[in-house]
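Trainee: Dumping the structure here so I can ask a few things about it.
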Amino acid sequence: MNNMKLSELKTGEQAEIIKVKGHGGFRKRIVEMGFIKGQMVEVLLNAPLQDPVKYKVMGYEVSLRRQEAEMIEVVSVKEKTAPNTAKYKEISVALVGNPNCGKTSLFNFASGSHERVGNYSGVTVDAKEGYADFEGYRLRLVDLPGTYSLSAYSPEELYVRKQLVENTPDVIINVVDSSNLERNLYLTTQLMDMHLRVVCALNMFDELERRGDSLDIQKLSSLLGMPMVPTSFKTGKGLEDLLREVIHIFESYEGHDEYYRHQHINHGHEIEDGIANMQKYLKGNDLLRLHYSTRWLAIKLLEGDKEAWQVVDVLPEAGQIRDACVTAVRRIKEETDDDSESAIMDAKYGFIRGALQEAGYKMGHKNDTYRVTHQLDGIITHKWFGFPIFLLLLLLMFEVTFALGQYPMDWIEAGVEWLGSFIGRNMQEGPLKAMLIDGVIGGVGSVIVFLPQILILYTFISFMEDSGYMARAAFIMDKLMHGMGLHGKSFIPLIMGFGCNVPAVMATRTIESRRSRLITMLVLPMMSCSARLPIYIMITGAFFAVRYQSLVMISLYVLGIILSVVMARILSVWVIKGEDTPFVMELPPYRFPTAKAVFRHTWEKGKQYLKKMGGIILVASIIVWALGYFGTMGVAPSLEDSFIGMLGKAIEPVFLAQGFDWRLDISLLAGIGAKEIVASTMGVLYAGDYNFSQLTAFCFLLFVLIYFPCIATIAAIKSESGSWKWAFFAAVYTTVLAWMVSAVVYQIGSLFM
């Protein structure tokens, strides 16, 4: 059933009110006039100039301007009574909270979606949408990026603000980490300023109870004017109670419910006077009043918020508002000896401390959440032990990946060989048989055998992310990052790059400094993404003894990191200049990830890998086979006489310095689309018979490590940098660097072999 705006109804039409949007005083006045959910409304008359419009609601007549009627959603009687249509009962719910508060876990539990949960800032870059059906309602859940406040300092803060203002949700679920209430409730106070309907999820409440904390939840709910529900999204505990409160708040009206009322935070008389003086002018603009809480906007203006001033500076009342703001800022400075932004922040924390004290909040000491964390940090972030532990964990990860993954890999390989032999025995000779054996099975089969290793690798990465170790890795790497000319936060996208360069490039949005953000994007291709893993495993498995395989693998990762350090330094000194920002990053307590969460992440990555097998890898393998099967005279008598052979021979001189033959050259060319295609192309062209030296094999791995990022990564760099210039630069410099490094290693290595 399609909902529409009340302003779209024609004279004489009737409709049922679905929801009333807008903020604060406007919304309250509209509701008081009878425009409430479930009521019927009829259009009686349009004014001569089509504005305002007279409506009949709850038995009496009332007029509204069209801009006000646009804020009321309805469903027409005709559509409501049409056959095979159900009553419209959808609630839009935004999930808002600090990073690491369990917000995305709630989203996964409620919607069944499997979005990635990371124990560091920047995983949820864009809003993710899902649905949950509960007690006759469909809840449209939007998981917004984790943010500490609604200021205008970071991309996450701006994004969340924009979503809340422009796409005002019916209800907000504010997810709060119960083990760190005072810090988490700061964001809650800003939501209170916005005059929105909020339900607070006191998440990780089990940790609060284990610690022996005391808290009167009902009292705190009353003080903040919103229901607060204890939850634990590791297990899903409290989820149903939370969703019931969402529905209850949606069906309630402000002031008619014990915990649902707008609570003004008293910031002190000078700040409050400044807010009131600006509100006089802000409320005079009807359009502004419909879309913003004027109190929230006034507070933002006092904080010197640039985005808020951009909204106000175009108003006719802008001069009067600015004069009122200047006066208020001066008086706040005189009274508090502090700037207005700091004074507002202090007032909010004062309110939080007072509310917690009145709600009887006391921290227990039965089981200190951070005690174990501090003990572990004493070892893991130690100035001497931190780096060796990090490298040992990487070595352990690759050792287990190879050793444990070899068994299922052998089984899959045997299955692929059996399938190829079965088709070879039972099909007639011809192009179809050749395509299935050499193209599909030779190409896809040569890549799918590495699925076990990829699953094991992602299990390790998932565990380190969800446990909180990755945040510590960023902490111990900050000094090195700074020496590279990067921000400490750059380490998170760089680590994410080991999974996939595309989301890693997108994650650079969390870096406030544009300079650091650009440099991070440009060195990210040096991080060995999982798409390169099948190539690494294929070559190391074929050319190096078992005892050296892990060392070769880790050398590629370490070389990638070293090259990124060198290139970042060069870029920061010679190419991209500017100021950096301070390193501020949360170090959450260590938490043992649930087996379900780790398995879910690993399985999602496995599914993505299998989808690639049936998509781009399959198509590319067939194309490579066709180019190798046919030539200018039809079926090619040999691979060298085929189309792909002719192309390979043409470009072979370019790679003589590396010792590559034309098959390797073609494989590299195919990898421009996606790196997995390198492995599948080699599977088609070599059919398992690799006739080149160990030195050539290592130089080929170096080239694969460094050269042209995949097309998707180039597109992501263009999107995030806002310019094709940087995307083109990344494509060219990485390929030139790959040629130089691999050529130098081959030429020097040839002297000793």
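The values are calculated or read from the model by the stated rules, or taken from the named source; none is laboratory data. Bear in mind that the values here come from a model prediction, so they are computed numbers and not experimental data. Reconstructed Cβ throughout: ideal geometry from the backbone, glycine too, with neighbour counts over all protein chains shown. What goes into the accessible areas is simple: the full protein's heavy atoms, side chains included, and nothing from ligands, DNA or RNA. Shrake-Rupley method; radii C 1.70, N 1.55, O 1.52, S 1.80 Å.
Trainee: Residues in region 736-753 that are assigned to a helix (DSSP H, G or I), open to solvent by 20 Å² or more (accessible area, probe 1.4 Å) and in contact (Cβ under 8 Å) with a residue 60 or more places away in the chain: how many?
Mentor: Total satisfying the criteria: 6.
Trainee: Restricting attention to region 50-69, which residues are in a loop (DSSP other than H, G, I, E, B) and open to solvent by less than 60 Å² (accessible area, probe 1.4 Å)?
Mentor: Pro52
Trainee: Which of (1) open to solvent by less than 30 Å² (accessible area, probe 1.4 Å); (2) closer than 23 Å to Ala531 by Cβ is the odd one out, the single condition Trp726 does not satisfy?
Mentor: (1)
Trainee: Here's a follow-up. Of the residues that sit in region 700-723 and are open to solvent by 30 Å² or more (accessible area, probe 1.4 Å) and assigned to a helix (DSSP H, G or I), which one is nearest to Ala657 (Cα to Cα)?
Mentor: Restricting to residues being open to solvent by 30 Å² or more (accessible area, probe 1.4 Å) and assigned to a helix (DSSP H, G or I), the top hit is Ile711.
Trainee: A further question on this structure: If we scan region 465-486, do we find a residue that is out of contact with any Phe, Trp or Tyr (no Cβ under 6 Å at 6 or more places or on another chain), at pLDDT below 75, buried (at least 21 other Cβ atoms within 10 Å of the Cβ) and under 27 Å from Leu618 (Cα atoms)?
Mentor: no
Trainee: Only one of (1) in a helix (DSSP H, G or I); (2) open to solvent by 40 Å² or more (accessible area, probe 1.4 Å) is not met by Thr235, so which one is it?
Mentor: (1)
Trainee: With (1) open to solvent by less than 40 Å² (accessible area, probe 1.4 Å); (2) modelled with pLDDT of 85 or more; (3) not acidic (Asp, Glu) as the list, and Arg140 as the residue in question, which single condition is left unmet?
Mentor: Of everything listed in (1) open to solvent by less than 40 Å² (accessible area, probe 1.4 Å); (2) modelled with pLDDT of 85 or more; (3) not acidic (Asp, Glu), Arg140 misses just condition (1).
Trainee: Here's a follow-up. Please indicate, with yes or no, whether at least one residue in region 724-735 is part of a helix (DSSP H, G or I), within 30 Å of Pro431 (Cβ to Cβ), modelled with pLDDT of 80 or more and not β-branched (Val, Ile, Thr).
Mentor: Taking every residue of region 724-735 in turn, none turns out to be part of a helix (DSSP H, G or I), within 30 Å of Pro431 (Cβ to Cβ), modelled with pLDDT of 80 or more and not β-branched (Val, Ile, Thr).
Trainee: Take the residues in region 613-639 that are loosely packed, with under 15 Cβ neighbours inside 10 Å and part of a helix (DSSP H, G or I), then tell me which one is modelled with the highest pLDDT.
Mentor: Within region 613-639, the subset loosely packed, with under 15 Cβ neighbours inside 10 Å is 614-615, 619, 632-635, 637-638.
Add one more test, that the residue is part of a helix (DSSP H, G or I), and what stays is 614-615, 619.
Values: Gly614: 70, Gly615: 70, Val619: 78.
Per the criteria, the residue is Val619.
Trainee: Within region 143-196, work out how many residues are in a loop (DSSP other than H, G, I, E, B), open to solvent by less than 20 Å² (accessible area, probe 1.4 Å), in contact with a Ser or Thr (Cβ under 9 Å, 6 or more places away or on another chain) and closer than 20 Å to Ile265 by Cα.
Mentor: 1
Trainee: What do you reckon, is Thr696 free of Cβ contacts under 8 Å to residues at least 60 places away in the same chain and of a type in the set (Ser, Thr, Tyr)? Break it down stepwise before answering.
Mentor: Numbers: free of Cβ contacts under 8 Å to residues at least 60 places away in the same chain: yes; of a type in the set (Ser, Thr, Tyr): yes.
When the stated conditions are applied, Thr696 passes them.
Trainee: If you don't mind, another one. Do we have Met682 as farther than 21 Å from Val440 by Cα and either within 41 Å of the chain's Cα centre (by Cα) or surrounded by fewer than 22 Cβ atoms within 10 Å (Cβ to Cβ) (or both) here? First the steps, then the outcome.
Mentor: Details: farther than 21 Å from Val440 by Cα: no; either within 41 Å of the chain's Cα centre (by Cα) or surrounded by fewer than 22 Cβ atoms within 10 Å (Cβ to Cβ) (or both): yes.
Considered against the rule, which asks whether it is farther than 21 Å from Val440 by Cα and either within 41 Å of the chain's Cα centre (by Cα) or surrounded by fewer than 22 Cβ atoms within 10 Å (Cβ to Cβ) (or both), Met682 comes out as no.
Trainee: Hey, another quick one. Enumerate the pairs (first residue in region 382-401 and within 13 Å of Thr459 (Cα to Cα) and aromatic (Phe, Trp, Tyr); second residue anywhere and in a helix (DSSP H, G or I) and open to solvent by less than 50 Å² (accessible area, probe 1.4 Å)) with beta-carbon separation below 6 Å, excluding pairs fewer than 6 apart on the same chain, so at least 6 apart or on different chains.
Mentor: So the pair list comes out as Phe398/Ser550; Phe398/Met553; Phe398/Ile554.
The rows are residues; the columns are (1) within 27 Å of Leu451 (Cα to Cα); (2) under 36 Å from the mean Cα position of the chain (by Cα).
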| position | (1), (2) |
| --- | --- |
| Thr381 | no, yes |
| Ile389 | no, yes |
| Leu393 | yes, yes |
| Val400 | yes, yes |
| Leu404 | yes, yes |
| Glu417 | yes, no |
| Gly420 | yes, no |
| Met427 | no, no |
| Gly430 | no, no |
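Trainee: Considering (1) modelled with pLDDT of 80 or more; (2) in a helix (DSSP H, G or I); (3) farther than 23 Å from Val502 by Cβ, say which one Phe692 fails and leave the rest.
Mentor: The single condition Phe692 does not satisfy is (2).
Trainee: Out of all the residues in region 656-665, is one or more open to solvent by 10 Å² or more (accessible area, probe 1.4 Å) and over 21 Å from Phe544 (Cβ atoms)?
Mentor: yes
Trainee: Separate question: Within region 436-446, is even one residue part of a helix (DSSP H, G or I), at pLDDT 85 or above and surrounded by 15 or more Cβ atoms within 10 Å (Cβ to Cβ)?
Mentor: Among the residues of region 436-446, at least one is part of a helix (DSSP H, G or I), at pLDDT 85 or above and surrounded by 15 or more Cβ atoms within 10 Å (Cβ to Cβ), which makes the answer yes.
Trainee: For region 705-716, what are the residues that are within 17 Å of Met567 (Cα to Cα) and among the hydrophobic types (A, V, I, L, M, F, W, C)?
Mentor: Leu705, Ile706, Phe708
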